[in-house]
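Read through the structure below, which is laid out as structure tokens, and then see the notes.
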Amino acid sequence: MTSTETITRAEYCAIACADIFAGAGEIMASPMSTMSQIGARLARLTTEPDLLITDGEALILADTPAVGAKGAIEGWMPFRKVFDVVASGRRHVVMGANQIDRYGNQNLSAFGPLQQPTRQMFGVRGAPGNTINHATSYWVGKHNKRVFCDKVDVVAGVGWDKVDPENPAYKYLNVYRVVTNLGVFDFGGPGHTFRALSLHPGVTADEVADNTSFEVADLADAGVTREPTAEELRIIREVLDPRNLRDREVAA
Amino acid sequence: MRDKRITLDDAVGQLRSGMTIGLGGWGSRRKPMAFVRAILRSDVKDLTVVTYGGPDLGLLCSAGKVKKAYYGFVSLDSAPFYDPWFSKARTEGAIVAREMDEGMVKCGLEAAAARLPFLPIRAGLGSDVQNFWGDELQTVTSPYPDASGKHETLIAMPALNLDVAFVHLNIGDAHGNAGYQGVDPYFDDLYCLAAEKRFVSVEKIVETEQLVKEVPLQQLILNRMMVDGVVEAPNGAHFTLAGESYGRDEKFQRHYAEAAKTPESWQAFVDRFLSGSEDDYQAAVEKFHADSEKTGEQA
């Protein structure tokens, strides 16, 4: 028996990450964190059976095992082939973000000036190529003003305000959705700005406003994140995350 | 067929200060670390380094060998993830950073391999990559209109031409044919195609006849046209992983990151591991593990 009476915040986050892939079809899902991995695999076991997922290394998984577990494989996806997929557009990545602004510009590179940062992180990694080529979403486990800031120090992932309407090379940019520990957001606000789609149960509009440096469109009107079904909860708890790694990303 | 076997130090002896070098592998995976250690033993400096960066770039920064770096990221691939020496070099403004999208590194190596001045790529548009590079990175407008009659303007990724490439593979012969054993070739063949001089170290050198039997043909990513010198360097990717040969030495990598925290602990690390030959290094690593087993530390 799976109880739907004690659904945790992390479980709402997991189904919100799964819903990122609704309608995605036969493309490669590239979730970069535990929560978004649970989400992508949940989507594959429910509404999106055609999704391709990898082991995070070079193997495409035929099975949909628990996060971190091994499973049967169906193919090969070394790094250089990943870049081919990126350029082809048949991919939806869910990245993390050290900073993200109201247009969806994202930073995971460094804090401070470009040539002499105050703190060095990874560098821009694949974020410029991901965002300019195919659907990109973000998972942020701690929604606060430091992350959701007025201006990112380094534009790694490209936001909506960077699109040059005169240059058709930007036509595939699709910064799609942001899932956080507080709610689900997209960039459907005025001029492609950050907009609340739903807040998780127990989260107030004030809490989101207090933890975001910029104005959040439609915040007062946002609904409540949908409840997971009993089947989704069973898959999360028994199949994909029996060790409860999800609670390490979002406190219960 | 020529015997191209050479020592680590003789290969690195062909480097000159100010050269541009490419380092194969990815992050903390199958990095040409024995060559990197040989560079640390040499007098060369002011290097420009092209890399999918990990502790290779970090160690070169630790010794002040790097003037400029072309990279998409620098990562240890496991906790603590951020390389301490690369971070220090960056926050002190000690190196010129040409940061770019990961796909742009591949694109630039492909341009160099094909002897083209550049290749167009979408990645980089709209991001701060262009600001990292200043005038060194330009755009190019397609001569071909799209359906609406507009022309796409794309990043013109310049060729990443290398003076010298260093890569580490699992198995090769004395002539420069070599293959990887593991799940990912990374970009090692491209590094060799993009370079004037190409050096490969391998876990083991075998007869050609054995090489082609031991490795699936698709994994023989280097042929002898692509290689000028071959070194047998067992454990030569240490402490990064090397496919089927060995995993990452996580304990040692953590020790590397920990040692970088103070000048005193780093000097002790250098004295213990980096002050002698490659053989001395490998012996010191063995002793490091034997000692920590004795004291009952977790592996």
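Which condition number does residue B:72 fail, the rest of (1) farther than 25 Å from residue B:18 by Cβ; (2) crowded, with 23+ Cβ neighbours inside 10 Å; (3) within 7 Å of another protein chain (Cβ to nearest Cβ) being met?
The single condition residue B:72 does not satisfy is (1).
In the range A:131-186, what residues are within 8 Å of another protein chain (Cβ to nearest Cβ), in contact (Cβ under 8 Å) with a residue 40 or more places away in the chain and within 26 Å of residue B:144 (Cα to Cα)?
Passing the criteria: A:131, A:132, A:133, A:158, A:162, A:172, A:173.
So residue A:76 fits all but one of (1) surrounded by fewer than 23 Cβ atoms within 10 Å (Cβ to Cβ); (2) more than 9 Å from chain B (Cβ to nearest Cβ); what number is the exception?
(2) is the only condition that residue A:76 fails.
For every residue, the table says whether it meets (1) at pLDDT below 95; (2) among the polar types (S, T, N, Q); (3) in contact with a Lys or Arg (Cβ under 7 Å, 6 or more places away or on another chain).
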| residue | (1), (2), (3) |
| --- | --- |
| B:245 | no, yes, no |
| B:257 | no, no, no |
| B:265 | no, yes, no |
| B:272 | no, no, no |
| B:280 | no, no, no |
| B:291 | yes, no, no |
| B:295 | yes, yes, no |
| B:299 | yes, no, yes |
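Quickly run through the range A:71-117 and pick out the residues that are within 14 Å of the chain's Cα centre (by Cα) and under 21 Å from residue B:186 (Cα atoms).
Selection gives A:91, A:93.
Can you tell me which residues in the range B:83-141 are among the polar types (S, T, N, Q) and within 23 Å of the chain's Cα centre (by Cα)?
Of everything in the range B:83-141, those that are among the polar types (S, T, N, Q) and within 23 Å of the chain's Cα centre (by Cα) turn out to be B:87, B:91.
Among the residues of the range B:81-118, which ones are facing chain A (nearest Cβ under 8 Å) and surrounded by fewer than 21 Cβ atoms within 10 Å (Cβ to Cβ)?
As a first pass, look at the range B:81-118 and keep what is facing chain A (nearest Cβ under 8 Å): B:81-82, B:86-87, B:90-93, B:96-97, B:99-104, B:106.
Selection gives B:81, B:82, B:87, B:91, B:92, B:93, B:96.
From (1) over 21 Å from residue B:87 (Cβ atoms); (2) among the charged types (D, E, K, R); (3) in a helix (DSSP H, G or I), pick out the condition that doesn't hold for residue B:244.
All conditions pass for residue B:244, except number (3).
Restricting attention to the range B:247-299, which residues are over 22 Å from residue B:82 (Cβ atoms) and among the hydroxyl-bearing types (Ser, Thr, Tyr)?
Hits for the range B:247-299 are B:275, B:277, B:281, B:292, B:295.
Do the conditions hold for residue B:261, that is, is it assigned to a strand (DSSP E or B) and modelled with pLDDT of 95 or more? Spell out how you get there, then give the answer.
Working: assigned to a strand (DSSP E or B): no; modelled with pLDDT of 95 or more: yes.
In short, no.
Quick check: anything in the range B:125-139 out of contact with any helix residue (DSSP H, G or I) (no Cβ under 8 Å at 6 or more places or on another chain), within 30 Å of residue B:37 (Cβ to Cβ) and within 13 Å of chain A (Cβ to nearest Cβ)?
yes
When only residues in the range B:140-186 that are of a type in the set (Phe, Trp, Tyr) and within 14 Å of another protein chain (Cβ to nearest Cβ) count, which is farthest from residue B:123 (Cα to Cα)?
Applying the first criterion (of a type in the set (Phe, Trp, Tyr)) to the range B:140-186 yields B:144, B:166, B:180, B:186.
Within this subset, residues satisfying the condition of being within 14 Å of another protein chain (Cβ to nearest Cβ) are B:144, B:180, B:186.
Values: B:144: 19, B:180: 29, B:186: 19 Å.
Step by step, filter the range B:140-186, then rank; the result is B:180.
Whether any residue in the range A:116-125 is buried (at least 19 other Cβ atoms within 10 Å of the Cβ), in contact (Cβ under 8 Å) with a residue 40 or more places away in the chain and either closer than 23 Å to residue A:215 by Cβ or within 11 Å of chain B (Cβ to nearest Cβ) (or both) is what I want to check.
Here is the first cut: in the range A:116-125, the residues buried (at least 19 other Cβ atoms within 10 Å of the Cβ) are A:117, A:120-125.
Applying the additional criterion that residues be in contact (Cβ under 8 Å) with a residue 40 or more places away in the chain yields none.
No: the range A:116-125 contains no residue that is buried (at least 19 other Cβ atoms within 10 Å of the Cβ), in contact (Cβ under 8 Å) with a residue 40 or more places away in the chain and either closer than 23 Å to residue A:215 by Cβ or within 11 Å of chain B (Cβ to nearest Cβ) (or both).
The values are calculated or read from the model by the stated rules, or taken from the named source; none is laboratory data. Just so it is clear, the structure is predicted and the values come from calculations on it, not from any experiment. Backbone-built Cβ (ideal geometry, glycine too); neighbour counts: all protein chains shown.
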